[in-house]
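Asker: Input: one structure, supplied below.
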Amino acid sequence: MHRHVRDGRDLGAHGWRKPWSDDAGGACLEVKRLGDGHVAMRQSTDPGGPALILTAVEMARFVSGVKAGEADGLLS
């Protein structure tokens, strides 16, 4: 059974990327493609904390929604 949240330490230290980060250099969202095709997302300042696990389809929908402006309401 697939768990949607995992401990970041269980996912290893290598292979993480920071495609989204702030200009202050601290609040980065890191992502890692897992061997089974899922994508893990975590806060870079807490690498041992929780990591959200998304399927490839969920990740594609997330990125498409952000690009379409569906998350803009979260900023105001």
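Asker: Quick one: which strands (runs of 3 or more DSSP E) lie wholly within the range 15-76 and hold at least 1 residues that are touching a helix residue (DSSP H, G or I) at 6+ places or on another chain (Cβ under 6 Å) and not β-branched (Val, Ile, Thr)? Walk me through it before giving the result.
Answerer: On the way: elements: 17-20, 29-33, 39-43, 50-54.
Result: 39-43, 50-54.
Asker: Being in contact with a Lys or Arg (Cβ under 7 Å, 6 or more places away or on another chain) and modelled with pLDDT of 90 or more is true for just one of GLY15, GLY35. Which residue is that? Let's see the steps before the verdict.
Answerer: On the way: GLY35 fails: in contact with a Lys or Arg (Cβ under 7 Å, 6 or more places away or on another chain).
On inspection, the qualifying residue turns out to be GLY15.
Asker: Would you tally the residues in the range 47-59 being of a type outside the set (A, V, I, L, M, F, W, C) and modelled with pLDDT of 90 or more? Don't jump to the end; show me each part of the working.
Answerer: Residues of the range 47-59 of a type outside the set (A, V, I, L, M, F, W, C): 47-50, 55, 58.
Then drop every residue that is not modelled with pLDDT of 90 or more, which leaves 49-50, 55, 58.
Qualifying residue count for the region: 4.
Asker: Find all pairs meeting these conditions: Cβ atoms under 7 angstrom apart; at least six residues apart or on different chains; first residue within the range 53-67 and free of Cβ contacts under 8 Å to residues at least 24 places away in the same chain; second residue of a type in the set (D, E, K, R).
Answerer: Sorted first by the residue in the range 53-67, then by its partner, the list stays empty.
The values are calculated or read from the model by the stated rules, or taken from the named source; none is laboratory data. A quick note: this is a predicted structure, and the numbers were derived from the prediction, not measured. In this analysis, Cβ positions are derived from the backbone assuming ideal geometry, glycine residues included, and neighbour counts consider all displayed protein chains.
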